[in-house]
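The values are calculated or read from the model by the stated rules, or taken from the named source; none is laboratory data. This is a predicted model, so every value here is computed, not measured. Using ideal geometry, Cβ is built from the backbone for each residue, glycine included, and neighbour counts are taken over all protein chains shown.
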């Protein structure tokens, strides 16, 4: 049997060194999950520190119990104990540092580190030339207790991931105490379960009296452990500073941005509170899922394929993504995805930083819809109305196609001009003055305007002018919406004339017969007196009486036509020779007054249904009026054109013209612009054209001439 001489100081040093090494090991291992660099160094440092701690406790504990000089140790076997202990410890800790730790890992790891303690004890005894006899029951109980201690500490530190959470940093010293207690307890119980005998010393064995080696080993162990602890403390301090900066950055990001971290497979490993808030999923529901849980269906597969191709190449991806929250609502995020690489150049995680842009996208969508509505309204207006924009000075800035079509001006001819280029002379200066006063005061103006096209024709537009006001309530532009009412104005003019004709017809019906009978008697007596009268002066008076009677009779005849118009005997005729015949009849009278008659027809045969005699009466009347309107000579042109199943006949003179205020009265009974006229000729003309299902409208400018336009239905040739 071997007697012992205990050294409490050496035992206390061994326990302290064991605790220091355990804490240093846990500190280094905790850094494995906080950094991507120097992982091998941290793992080897932690393994070496834990292995040295186990060896120190067993070796120095045994030395502390046998300081009586009867014992020696074998240095190579001591080194073998250290290597085997570190190897078992490394295998155990390797199982504890994986990304996924199972219960099997816990059991196997706890068993391996228990074997590290047991192997150090057994090999340590042989290194000191001791032969042991074991109490198997106590030895088994000791192994179970040591295994249980390591199992509990590993479960607490690694299985629950508590070691990587800064809020549980106090677990490192607690874990170091539990591990140290397991090692110390194992050593003491192994000693209690063993009886030792000293073997014969060999040449390689060193007696304990040579304290130099012992203290050298002790010194080296302290230096190694101190270096490990100092390195661990330095690294921890640097990481603490980095963690502080990282927490500050994380806090700022959490307040301002939506942050998520995914692994290389796209599985979510971290989300911040704003991610949870906007997605309406809990953190537990998101961790381990991929982003397909948020897929709104708004983006194509190609969209996400390009995204993954970009970040897979190590490039940063930026773009807008529409996601779907847990409650089914949609939200938009502007996303930046940054890939992070390990030392092999492969992505090990992706950090996504998002900004909520739902409000902006909603506003964009609303603006898009508003613009679409405006385009639709503009399209509808362009199809139905004449649109112009003018600046505050009345200069045209924009016109649509219908304006160009109606005015017959090209767009480039209109831009930059004002509306005076369309002035027909029909409206007074006061009319336009009141118009401008209305719109400049910010009010909408509505009315009817007659304009003059580029080709000299006239057209009427129903006009609404809307002023657009700036912040100071001053107009900065005007929108004019016009509708072509030329046909309506012609119809109104026709109806107006028809009303007058009806009134004259009623008058004629009442008095024509009463006037005609006395006229016949007067004419008969005048002709009878003329037969026996020899006095030249009286004969002259009788001639005047007969001429005036003929004039009165012609008026009565016209009254009769108005009162009881004959039914038109319509036959299909070529109107071209009818007009040429009338021009031939009046050619002599035209030459006497130095008037040149011009005729133009776009077709040789233009068929209409007409009463030829009555239509000749119309042309005779209008051509004679044109000749009489040019006392100093000029050109009288007759144009015949077929347009849209209508025959348009224009009789245009270059005479003195008719003022606008008198044009409206043309065709009224007894209104005439000629000295010897009575106005009934035009009334009859309008009545005849009306009976042919046609219409007449007049265009005139003072000192430029007058145009009578007759429109009749065309017949296919």
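Values computed for the structure shown
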quantity: Residue check, residue 470 within 30 Å of residue 382 (Cα to Cα) and either touching a strand residue (DSSP E or B) at 6+ places or on another chain (Cβ under 9 Å) or at pLDDT below 85 (or both); calculated: yes
quantity: Breaking point among (1) under 20 Å from residue 177 (Cβ atoms); (2) buried (at least 17 other Cβ atoms within 10 Å of the Cβ); (3) at pLDDT 85 or above, for residue 153; calculated: (3)
quantity: Filtered residues of segment 101-127 (kept if within 16 Å of residue 18 (Cα to Cα) and surrounded by fewer than 23 Cβ atoms within 10 Å (Cβ to Cβ)); calculated: 118
quantity: So residue 449, is it part of a strand (DSSP E or B) and in contact with a helix residue (DSSP H, G or I) (Cβ under 7 Å, 6 or more places away or on another chain); calculated: no
quantity: Subset of segment 404-424 that is crowded, with 16+ Cβ neighbours inside 10 Å and closer than 12 Å to residue 454 by Cα - its residue that is modelled with the lowest pLDDT; calculated: 424
quantity: Subset of segment 473-486 that is touching a strand residue (DSSP E or B) at 6+ places or on another chain (Cβ under 7 Å) and outside any strand (DSSP E or B) - its residue that is surrounded by the most Cβ atoms within 10 Å (Cβ to Cβ); calculated: 485
quantity: Failed criterion for residue 305 (all others in (1) surrounded by fewer than 13 Cβ atoms within 10 Å (Cβ to Cβ); (2) closer than 15 Å to residue 358 by Cβ; (3) within 24 Å of the chain's Cα centre (by Cα) hold); calculated: (2)
quantity: Any chance residue 274 is modelled with pLDDT of 85 or more, part of a helix (DSSP H, G or I) and exposed (fewer than 13 other Cβ atoms within 10 Å of the Cβ); calculated: no
quantity: Residue within segment 356-366 that is closer than 25 Å to residue 250 by Cα and in contact (Cβ under 8 Å) with a residue 60 or more places away in the chain present; calculated: yes
quantity: Qualifying residue in segment 487-500 (condition: assigned to a loop (DSSP other than H, G, I, E, B) and in contact with a strand residue (DSSP E or B) (Cβ under 9 Å, 6 or more places away or on another chain)); calculated: no
quantity: Within segment 356-431, helices (runs of 4 or more DSSP H) holding 1 or more residues that are under 23 Å from residue 701 (Cβ atoms); calculated: 401-407, 411-414
quantity: Test: residue in segment 457-464 that is in contact with a helix residue (DSSP H, G or I) (Cβ under 6 Å, 6 or more places away or on another chain), in a strand (DSSP E or B) and surrounded by 12 or more Cβ atoms within 10 Å (Cβ to Cβ); calculated: yes
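Let's see how each residue does on (1) in the same structural domain as residue 697 (by TED's automatic domain parsing); (2) out of contact with any strand residue (DSSP E or B) (no Cβ under 8 Å at 6 or more places or on another chain); (3) surrounded by 14 or more Cβ atoms within 10 Å (Cβ to Cβ); (4) modelled with pLDDT of 90 or more:
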residue	(1), (2), (3), (4)
390	no, no, yes, yes
397	no, no, no, yes
426	no, no, yes, no
433	no, yes, no, yes
438	no, no, yes, yes
441	no, yes, no, yes
446	no, no, no, yes
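Listed here are the residues, each with its yes/no results for (1) modelled with pLDDT of 90 or more; (2) outside any loop (DSSP other than H, G, I, E, B); (3) out of contact with any strand residue (DSSP E or B) (no Cβ under 9 Å at 6 or more places or on another chain); (4) surrounded by 13 or more Cβ atoms within 10 Å (Cβ to Cβ).
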{"residue": "281", "(1), (2), (3), (4)": "yes, no, no, yes"}
{"residue": "288", "(1), (2), (3), (4)": "no, no, no, no"}
{"residue": "299", "(1), (2), (3), (4)": "yes, no, no, yes"}
{"residue": "320", "(1), (2), (3), (4)": "yes, yes, no, yes"}
{"residue": "327", "(1), (2), (3), (4)": "yes, no, yes, no"}
{"residue": "334", "(1), (2), (3), (4)": "yes, yes, no, yes"}
{"residue": "339", "(1), (2), (3), (4)": "yes, yes, no, yes"}
{"residue": "345", "(1), (2), (3), (4)": "no, no, yes, no"}
